[in-house]
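Everything on this sheet refers to the single structure shown next.
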Amino acid sequence: MKNTIKILICGMIVFYLIAGGIALLLSRREAKSNQVDAQLFALQNDTIIGNASEDAPLPTTADSEEDADVADVADAGSEGSSEADAVVVEVHYYAFSLKGVSTHLNVREEPALISASIAKLKPGATGYVLSQEDSWSKILTSDGIIGYCYNDYLALTEIPVEDFPAEYR
């Protein structure tokens, strides 16, 4: 009887270890899949919100060269690079106001509902969108708080680059 219980307990431990390993592998695979989806979205839309950092996935083609907001970004590391090597990036800057909020909107530490709330925005609050990912926007409030809000509660308005805070361009 004691040996049967020991075998059962060992079997349960092995099962939980295997299940935990599979869950870890699947979560990493999903995170990588989300990153690839975001890069494909950027390539398809030729648009970056906020600044065009080196870490951001950059589109490789442009639909139009006539837009005033289009910036040519050439590969600084290669000498004599041709115009065909240049990457055209269209950068948009957005301000936000709240929509459909009657009491408050949580500003979260990370882009997830389970993330801690770091501030509450009251109806009429405004600010700037620093970046967007999936269903969340990284925002800068008029009080200087940086955090994440769910996109369904934000009304975005495109603004000129001069109206966007210089330190976040």
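Read-outs: derived from the displayed coordinates by stated rules, not from any lab. The structure displayed is predicted, hence computed values, not measured ones. Backbone-built Cβ (ideal geometry, glycine too); neighbour counts: all protein chains shown.
What to note about this one:
- Mean separation of Cα contacts under 8 Å (6+ apart) over length of the range 122-169, as relative contact order %: 25 percent
- When you filter the trypsin sites (Lys or Arg not before Pro) in the range 93-129 for DSSP loop state and at most 16 other Cβ atoms inside 10 Å of their Cβ, you are left with LYS99.
- Ranked by how many other Cβ atoms sit within 10 Å of their own Cβ, fewest first, the residues TYR94, TYR16, TYR148 fall in the order TYR16, TYR94, TYR148.
- Reachable lysines from LYS138, criterion Cα separation under 25 angstrom, eight or more residues apart if same chain: LYS32, LYS99, LYS120, LYS122
- Residues with amide H under 5 Å from that of ALA125, placed H, sequence gap 5 or more: LEU98
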